[in-house]
Each structure stands twice: as structure tokens, then as C-alpha cells.
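In what follows, a single structure is set out as C-alpha cells and then discussed.
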């Protein structure tokens with residue numbers, strides 16, 4: 001049975017839905033904790049995905065679907081005790097529009113980490129396998145302390161002040177080190193020894209020698225994740241090209257799944273339990289695209305994993321390797337032996 005140290009996943013990750021009203025500020029409550037990373041998307045219109053975190057500061061936005069440098073979009077006000085506050089426009093609070101916000105709990109205000117060759121600033125929630133890491137490059141293939149208790153299996157990186165691509169390290173078979181995916185593109189995995197050329201350890205990761213990653217004076221941010229039994233699972237599956245698609249065991253009932261093709265082009269696909277409260281789920285958003293939510297590429301969330309219900313090549317191409325990360329609504333079995341129930 002899949003026991004866990006996290007009996008209530010919503011204390012570490014939670015999805016919130018709200019309708020904009022163009023007020024300034026508008027407080028979004030009900031998250032259940034003060035989030036350290038908030039990712040917002042307007043569901044009705046083609047506004048960019050906005051990422052805000054406590055390490056960079058509330059008003060500094062990054063856009064996961066674009067190569068843009070960090071900027072103040074006058075869209076986010078503060079991280080609050082039970083949620084966050086947004087302003088009246090720019091994709092976070094447009095009047096009458098439906099929005100989704102995915103919220104993660106880090107370690108609060110960042111602290112200094114000297115485990116690597118460059119001192120980093122880290123907000124880490126080691127219990128939940130998540131950290132936000134910032135550092136300034138020195139022109140070398142440096143090592144960076146990440147604040148977790150085991151090696152990250154997913155690292156999402158952005159050079160904050162440069163109009164350059166996002167770079168993603170994923171620990172999956174066949175990809176290995178020395179390469180990357182991108183959140184701003186539907187590109188397949190690309191090999192490049194200058195990107196994440198050395199596998200992460202339990203204390204540090206190596207961004208690589210490429211100027212995007214380690215350019216002297218460049219300010220960087222990274223979001224790091226690792227497996228936590230019963231709460232977070234990072235891995236891969238192989239598509240079968242059928243509407244009766246593969247079942248992926250996670251050891252918990254998912255709250256959010258994100259999938260991406262590894263060896264072919266295809267957008268990052270996002271499904272969660274709040275926008276799609278019932279099976280079959282088809283309310284889709286794409287990390288790499290500003291497009292509004294559509295109804296496509298169905299799947300089921302089950303008590304112990306998820307099952308693909310579509311033969312589209314971007315989630316279930318025959319023989320295609322797919323990467324995923326999933327976060328829990330409930331563990332399959334809690335630490336006291338209480339099982340999860342089906343949807």
C-alpha cells in the first residue's frame with residue numbers, strides 16, 4: 001500500500017478558480033495557505049500564463065509561454081495568508097473572465113544556500129519536494145544549491161533579464177543529461193551539452209555552461225521538483241495510439257497532471273480536478289500556448305493514477321515517449337491507513 005508523509009496534499013498544492021471583476025486589488029482566498037508560487041491563467045481569452053513567486057517578488061511576472069524577460073505587468077499585488085491579491089487587468093482579473101490559479105507552498109521568504117559553487121537564494125519545502133531557487137551566474141558551469149533532500153527530477157529554468165528561451169531538465173529514460181525541453185515551445189527534447197550537462201544530486205544541480213544558463217552577471221530562477229510518495233510523481237509513459245490509452249500509476253488521486261511529448265513536437269498539456277471535477281476530463285490548457293481553455297484530449301483521474309482517453313499524438317501517440325508530473329488530491333492510502341476514493 002502507498003503510505004505517505006503528506007496526508008493532506010492541499011496544504012502544499014491547491015488549485016483555485018475565480019471570476020475577475022477588474023477591481024484593484026481583488027483578494028483571492030480559499031487557497032488554504034500562503035502560496036510562495038502562484039501561476040495564473042485566464043481561461044476564457046488568450047492571455048499569457050503568469051508566474052509570480054516570493055523569491056523574485058510579487059510584482060515581477062514571468063510568462064511561461066514566451067521568451068520575454070521578467071517584467072512588472074501591474075497584475076499581481078501580494079501573497080496573502082489564505083491566497084493572493086491581483087489587480088484589475090492584464091490576464092489576472094479581467095472583468096467577467098474565468099481564471100485558474102495553481103498554488104504551491106515553498107519555504108516562505110528565501111534563505112541563503114551555500115551548498116553550490118555559487119551561493120543561491122532558496123525558498124524550499126523539502127517535505128513536498130519543491131523549491132524556488134535564484135542565483136547570479138559567474139560565467140562558469142557552476143553548481144547551485146536547491147534546498148531539497150533528494151535530487152530534483154524536474155527543473156524549470158529562466159534567465160530573468162534576458163529575452164531567451166525557457167529550459168527544462170527532466171529525469172526521464174532516453175533523455176538523460178545534456179539537453180532540455182522548453183515551456184515556451186512545443187519542441188521535442190533537444191540534446192545540448194551546455195544545458196544541464198551533469199545530473200543533479202541531493203544537494204545541488206548544474207545548470208550548464210551555455211550563456212543562457214551561466215552567463216556572467218545573469219540573474220536566474222529555477223523551480224525544482226522531486227518525487228514525494230503519495231503527493232508528487234514525476235515520470236514517463238509510452239503512448240499506444242488508442243482511445244483506450246495507457247493507465248499511469250502515481251500512488252495517489254491526482255489534483256493536477258502536466259504532460260509533454262519527449263521525442264516529438266507537442267504542447268505541454270494541463271488538466272486539474274477543479275476545472276474538470278468529473279471524468280471524462282477534457283478542460284485543457286497548454287503551458288506553451290496563451291490560448292483560452294478548450295475541450296480536448298480527455299483523461300480520467302482515478303484513486304491511484306490517471307488514464308488517457310484520447311489517441312491524439314500529443315498525449316498518446318503510438319510508441320511516443322511522454323513525460324509527466326502529477327500532484328495529489330489525496331494519497332492512495334494515508335499514513336493512518338485511510339484509502340482514497342474514486343471520483
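No value in this document is a laboratory result; all are computed from the given coordinates. It should be emphasised that the depicted structure is a prediction, and the values quoted were computed from it without experimental measurement. When we count neighbours, we look across all protein chains shown, and the Cβ atoms used for this are built from the backbone with ideal geometry, even at glycine.
Hey, if you drop one equal point scatterer on each alpha-carbon of region 183-294 and run the Debye formula without solvent, what base-10 log of I(q)/I(0) do you get at q = 0.11 Å⁻¹?
For the requested q values the scattering log ratios are -0.50.
Given springs between every Cα pair under 10 Å in a Gaussian network model of the chain, which of 208, 147, 319 has the largest fluctuation?
319
Taking the number of other C-beta atoms within 10 Å as the exposure measure, put 80, 184 in order starting with the fewest.
80, 184
When a/c is below 1.5 the answer is rounded, else prolate if a/b is larger than b/c, else oblate, so apply that to region 232-331 with a ≥ b ≥ c taken from the square roots of the Cα gyration tensor eigenvalues.
rounded
Assuming a ≥ b ≥ c are the square roots of the Cα gyration tensor eigenvalues, decide whether region 9-104 counts as rounded (a/c under 1.5), prolate (otherwise, with a/b larger than b/c) or oblate.
rounded
Taking just the alpha carbons, could you work out the radius of gyration and Dmax for the chain, both in angstroms?
Radius of gyration, then largest Cα-Cα span, for the chain: 18.7, 52 Å.
With the contact rule set at Cα under 8 Å and sequence spacing of 6 or more, what percent relative contact order holds for region 112-225?
Relative contact order, region 112-225: 34 percent.
Residue separation times 0.36 nm, minus the C-alpha to C-alpha distance between residue 192 and residue 119: what's the value?
Roughly 23.8 nm would be gained on extension.
Which of rounded, prolate, oblate describes region 104-241, given a ≥ b ≥ c as roots of the alpha-carbon gyration tensor eigenvalues and a/c under 1.5 marking rounded, otherwise prolate only if a/b is larger than b/c?
The shape class here is oblate.
Among 262, 221, 248, determine the one that fluctuates most according to a GNM of the chain built with springs between C-alpha atoms less than 10 Å apart.
The residue that fluctuates most here is 248.
Work out how much length residue 199 to residue 29 would gain on full extension: take 0.36 nm times their residue separation and subtract the Cα-Cα distance, in nm to one decimal.
Stretched out fully, the residue 199 to residue 29 stretch lengthens by 57.3 nm.
At 7 Å along Cα-to-Cβ for each site, give me the label-to-label distance between residue 21 and residue 95 in nm.
Here the modelled spin labels are 1.3 nm apart.
Among 45, 84, 252, which one moves the most in a GNM of the chain with springs linking Cα atoms closer than 10 Å?
Among 45, 84, 252, the largest mean-square fluctuation in the Gaussian network model of the chain belongs to 45.
For an R0 of 35 angstrom, estimate the FRET efficiency from the Cβ-Cβ distance between residue 140 and residue 59 and round to the nearest 0.05.
0.65
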